[in-house]
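Visitor: Quick one: structure below, then a few questions.
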Amino acid sequence: MVRVLVYLLVLFVFSLGNEMKLIRIKKDVYMVRGLDALPSVENRGFISNAYAVLTKEGWVVIDALSTPELSKEFIQRLQKVKKLPVRYIIVTHYHPDHYFGTKTYRDIGAKLIAHKKMLEMYDSGELNSYINTIKERFPKLYDSVVVVKPDLVVDTETILKVGQKTFLIRAVAPAHTNNDIVIYMPEDKILFAGDLVYEKRIPFMGDAGANSKNWEKVLKELKSLDTQVILGGHNMPMDKSAIDYTLGYITYLRENIKKLKEKGMFLDEIKQTLKESPYKNHVMYDTFHNANVSKVYMELDLEE
């Protein structure tokens, strides 16, 4: 009986942490906050944030969550705020927790905006292969996910006006991936940064298309924007100090790995040396740090 009660308590606590709650950030801007975890059937893949901006002409959504089921749940919550159509879904990059829920938006007629590279990946079949690989890696979690073709793409920079709102959409790849975009709302001074900016949480730098050197450059450029609120793919809303945090971690890795390589250390030795870094107590450190070290180590080889 005690074991049963403990099990039920664990399920109850977990269900509270996994509940999708709509949060109003400021007038006309809403979010849902995903868990800090890797995807699993138990957490439904709800491991990232999604955002929505209410305009006079309808909703503009940033990032689609991990599955059509999650994105449908998000839309249902938005419709309770204001029953208007979703006009656009903007995807900051192709990772599962940002792109895989787009089928729901296609079904309701919303236009998908993404980096030009994502259209190239769709046309080549690379996106479909990627989805199938992720489905095999996480059985049952992504069964309903299908590849969705971008309707509008961003190569450098474009301005989207919906109702009274202006969205400056900028291609900044390669950084976290080779298809990153950010969205800036100048009147509201809000930056939607995708997975480029974090606060007290370790970024994932291990994507095949990631480029830490350019990521540093992008972060320095983002600091020049007149931004009051940064909304990332993870974390609660942040201020501009989060850019310095993320930049500090990336620079810490690049500078220290370069020095240790010059001393003749191999990758495993460098991982051991950097294990006790100043960032060791931050969220997702044990999950991502060693993979980040490996990726930067390889990048530095190619830069030489």
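The values are calculated or read from the model by the stated rules, or taken from the named source; none is laboratory data. Model, not experiment: these values are computed from the prediction. We place every Cβ from the backbone using ideal geometry, glycine too, and count neighbours over all the protein chains shown. Surface accessibility is based on the protein's heavy atoms, side chains included, excluding ligands, DNA and RNA. Shrake-Rupley method; radii C 1.70, N 1.55, O 1.52, S 1.80 Å.
Visitor: So which residues in segment 173-194 are open to solvent by 10 Å² or more (accessible area, probe 1.4 Å) and over 18 Å from residue 29 (Cβ atoms), if there are any at all?
Guide: 173, 174, 178
Visitor: Give the residues of segment 160-206 that are among the basic types (Lys, Arg) and under 17 Å from residue 57 (Cβ atoms), sorted by residue number.
Guide: 161, 165
Visitor: Taking the criterion of being in contact with a strand residue (DSSP E or B) (Cβ under 7 Å, 6 or more places away or on another chain), of a type in the set (S, T, N, Q) and outside any helix (DSSP H, G or I), would at least one residue in segment 190-212 satisfy it?
Guide: No: segment 190-212 contains no residue that is in contact with a strand residue (DSSP E or B) (Cβ under 7 Å, 6 or more places away or on another chain), of a type in the set (S, T, N, Q) and outside any helix (DSSP H, G or I).
Residue by residue, here is whether (1) open to solvent by less than 10 Å² (accessible area, probe 1.4 Å); (2) outside any helix (DSSP H, G or I) holds:
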site: 46; (1), (2): yes, yes
site: 51; (1), (2): yes, yes
site: 59; (1), (2): yes, yes
site: 69; (1), (2): no, no
site: 72; (1), (2): no, no
site: 76; (1), (2): no, no
site: 89; (1), (2): yes, yes
site: 94; (1), (2): no, yes
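Visitor: Out of all the residues in segment 16-36, which are free of Cβ contacts under 8 Å to residues at least 60 places away in the same chain, open to solvent by less than 60 Å² (accessible area, probe 1.4 Å), of a type outside the set (A, V, I, L, M, F, W, C) and outside any strand (DSSP E or B)?
Guide: Hits for segment 16-36 are 17, 18.
Visitor: Considering each residue of segment 96-111, count those that are of a type in the set (Ser, Thr, Tyr), in a helix (DSSP H, G or I) and closer than 22 Å to residue 184 by Cα, and give that number.
Guide: 2
Visitor: Could you please give the count of residues in segment 16-52 that are more than 19 Å from residue 72 (Cβ to Cβ) and either in contact with a Lys or Arg (Cβ under 6 Å, 6 or more places away or on another chain) or among the hydroxyl-bearing types (Ser, Thr, Tyr) (or both)?
Guide: Number satisfying all stated conditions: 1.
Visitor: Go through segment 98-112 and count every residue that is surrounded by fewer than 24 Cβ atoms within 10 Å (Cβ to Cβ) and under 15 Å from residue 192 (Cβ atoms).
Guide: Adding up the residues that qualify gives 0.
Visitor: Only one of (1) touching a Phe, Trp or Tyr at 6+ places or on another chain (Cβ under 8 Å); (2) open to solvent by less than 40 Å² (accessible area, probe 1.4 Å) fails for residue 267. Which number is that?
Guide: Only one criterion is unmet by residue 267, namely (2).
To keep it simple, each residue is scored yes or no on (1) over 16 Å from the mean Cα position of the chain (by Cα); (2) over 18 Å from residue 50 (Cα atoms); (3) not small (Gly, Ala, Ser).
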residue	(1), (2), (3)
71	no, no, no
86	yes, no, yes
93	no, no, yes
121	yes, yes, yes
145	yes, no, yes
149	yes, yes, yes
154	yes, yes, yes
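Visitor: Search segment 202-246 for residues being among the charged types (D, E, K, R) and under 23 Å from residue 29 (Cα atoms), and hand back the single one that is surrounded by the fewest Cβ atoms within 10 Å (Cβ to Cβ).
Guide: So, considering only residues that are among the charged types (D, E, K, R) and under 23 Å from residue 29 (Cα atoms), the one surrounded by the fewest Cβ atoms within 10 Å (Cβ to Cβ) is 226.
Visitor: Being under 28 Å from residue 194 (Cβ atoms), among the aliphatic types (A, V, I, L, M), in contact with a Ser or Thr (Cβ under 8 Å, 6 or more places away or on another chain) and surrounded by 15 or more Cβ atoms within 10 Å (Cβ to Cβ): is that true of residue 253 here? Don't jump to the end; show me each part of the working.
Guide: Details: under 28 Å from residue 194 (Cβ atoms): yes; among the aliphatic types (A, V, I, L, M): yes; in contact with a Ser or Thr (Cβ under 8 Å, 6 or more places away or on another chain): yes; surrounded by 15 or more Cβ atoms within 10 Å (Cβ to Cβ): yes.
Answer is yes for this residue.
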